Structures are given as C-alpha cells and as structure tokens.
Amino acid sequence: MERETRPVNTASDNHIQFYFDPLCPWAWMTSLWVREVRKEQPLEIEWKFFSLAGINDRDPQWHGPLRTCALARREGGNDAVDRAYLALGRLFHERSDSFEEIDNLADAAKPYLEEVGLDPSLAQRALADESTYDEVIDEQREATEKLGAFGVPWIVVGENDYGFFGPVIGQLVQGNEAVELWEHFRFMGTRPYLYELKRGRKKMQDLQGLSSGMSKEPAGSR
C-alpha cells in the first residue's frame with residue numbers, strides 16, 4: 001500500500017535520526033518516548049536501520065523485521081517506516097510468545113501491519129526480496145563507520161556528524177516529563193565535548209499493551 005512520501009528536514013535540532021532494530025526492547029521503549037515527545041511538540045523522527053543480528057552474526061531470519069521496514073521505506077518513505085516499526089514493536093514486545101514467531105514473520109506480522117494501515121503482505125514481500133537485506137546491512141555499516149554506532153537506540157540530533165547510544169529508559173515517560181527529558185537530551189546530544197554518561201540498568205516496565213495510546217497516523221501529520 002503506497003503512500004505519499006514526505007521529505008525529511010534535517011536542518012533543525014527538532015530533527016533526529018533514530019537508529020533501531022525492532023527486536024530490541026530497549027530501543028522500543030525509547031522509541032515510544034520520542035513518539036510521546038512528538039505528540040507534545042514538533043519533532044521529526046527519521047527512522048534508520050541498525051541490525052543487531054548483523055553485528056552479532058545471528059541467523060538470517062533475525063534480519064527479517066528490519067528488512068520489512070526497508071521495503072516499507074522504499075514504498076512509502078519515512079512515514080511507512082514509522083508505521084512498520086509500530087506494528088513490529090507491538091508484535092515482538094507486547095505479546096509474551098513473540099520471539100517464537102521469528103520463523104513465521106510473514107504470517108505473524110500480517111494483522112499488526114494491517115492495524116497500522118500497511119499492506120499485510122509487506123513482511124512476506126520483503127523476505128522474498130534479497131535487496132532488502134543489502135539495504136539494511138549497508139545502512140548499519142554506514143552508521144558503524146561514520147558515527148561509531150555499536151547498538152540501539154542510537155540517536156543523532158540535527159545535522160551533527162555524531163550520535164549517542166541511548167537514552168536507555170526503563171519505563172515509558174509521558175507528557176511534560178517526556179518533553180523535559182527530550183530538552184536535556186537535545187542539549188547533551190549537541191555537545192561535541194560530551195562522550196558518555198552511564199549507570200547500571202535495573203529492570204524494565206512491563207511492555208504489554210504499552211503502545212496502545214500511540215497514534216497510527218503518519219509521522220508529522222499533526
């Protein structure tokens with residue numbers, strides 16, 4: 001299902017490149033946070049691919065979710081990736097048996113893709129198109145070589161030629177607190193002298209149903 005694509009404006013600190021893998025629960029939580037920020041104020045999220053299967057030499061089926069996102073972008077631009085990530089994140093992180101479905105992605109993803117307004121056959125067609133694998137790996141390689149990226153979530157603010165791993169958050173931050181966290185992150189994310197701020201992780205909020213309040217409209221349509 002093709003949609004009109006919109007150009008991405010990178011000339012603003014209200015624009016981010018968000019590198020993700022739909023299989024990472026921590027990136028999923030951070031992605032819900034930036035969606036919350038986007039509901040409160042202008043924020044343009046450019047979704048970018050970083051395959052954890054690629055850096056960890058996992059079996060080919062673990063590339064499938066990002067390959068689905070690659071075909072979504074080819075057919076519908078960044079807005080379609082926004083929807084595809086929402087669908088796949090729900091599949092893999094908001095149901096208990098999700099990772100058992102990785103070998104059955106083409107069928108398992110259908111109702112989730114349809115729910116966000118995408119072609120239910122998107123995953124099936126992506127897995128049948130070998131060029132989607134190349135697209136994912138090429139984008140990951142570029143992130144590794146140019147940005148020094150090593151995991152997700154990885155976020156680049158504005159036109160900076162560097163990014164940061166994180167923020168890694170353990171619960172969904174909403175409303176004013178989501179915006180306040182964004183303002184702090186945006187400041188730190190544009191300081192070329194800042195390299196790392198880290199502490200140990202504890203536990204993550206239960207993810208089941210967490211994205212239910214997220215809009216299914218294309219990004220930037222508000």
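Which residue, of 142, 177, 183, is of a type in the set (D, E, K, R), surrounded by 14 or more Cβ atoms within 10 Å (Cβ to Cβ) and free of Cβ contacts under 8 Å to residues at least 40 places away in the same chain? 142 is the lone residue from the list that is of a type in the set (D, E, K, R), surrounded by 14 or more Cβ atoms within 10 Å (Cβ to Cβ) and free of Cβ contacts under 8 Å to residues at least 40 places away in the same chain. Taken as a whole, the condition of being open to solvent by less than 20 Å² (accessible area, probe 1.4 Å) and not basic (Lys, Arg) applies to residue 118. The test for being among the polar types (S, T, N, Q) and open to solvent by less than 30 Å² (accessible area, probe 1.4 Å) holds for residue 132.
Among the residues of segment 85-101, is there at least one that is touching a residue at least 24 places away in the same chain (Cβ under 8 Å), charged (D, E, K, R), crowded, with 21+ Cβ neighbours inside 10 Å and out of contact with any His (no Cβ under 8 Å at 6 or more places or on another chain)? Yes: one or more hits. Among the residues of segment 136-145, not a single one is of a type in the set (Lys, Arg), more than 15 Å from residue 20 (Cα to Cα) and more than 16 Å from the chain's Cα centre (by Cα). Being within 15 Å of residue 67 (Cβ to Cβ), in contact with a Cys (Cβ under 9 Å, 6 or more places away or on another chain) and among the small types (Gly, Ala, Ser), is that true of even one residue in segment 125-135? Scanning segment 125-135, I find at least one residue that is within 15 Å of residue 67 (Cβ to Cβ), in contact with a Cys (Cβ under 9 Å, 6 or more places away or on another chain) and among the small types (Gly, Ala, Ser), so the answer is yes. Taking segment 37-62 as the range and being assigned to a helix (DSSP H, G or I) and open to solvent by 10 Å² or more (accessible area, probe 1.4 Å) as the test, the residues that pass are 38, 39, 40, 52, 54, 55, 60, 61, 62.
With respect to the conditions (1) touching a helix residue (DSSP H, G or I) at 6+ places or on another chain (Cβ under 8 Å); (2) modelled with pLDDT of 95 or more; (3) surrounded by fewer than 23 Cβ atoms within 10 Å (Cβ to Cβ), residue 126 falls short on a single one, namely (3).
The values are calculated or read from the model by the stated rules, or taken from the named source; none is laboratory data. As the structure is a computational prediction, the values presented were derived from the model and not from experiment. Please note: Cβ atoms are built from the backbone with ideal geometry, for glycine as well, and neighbour counts cover all protein chains shown. With ligands, DNA and RNA removed, areas are computed over all heavy atoms of the protein, side chains included. Shrake-Rupley method; radii C 1.70, N 1.55, O 1.52, S 1.80 Å.
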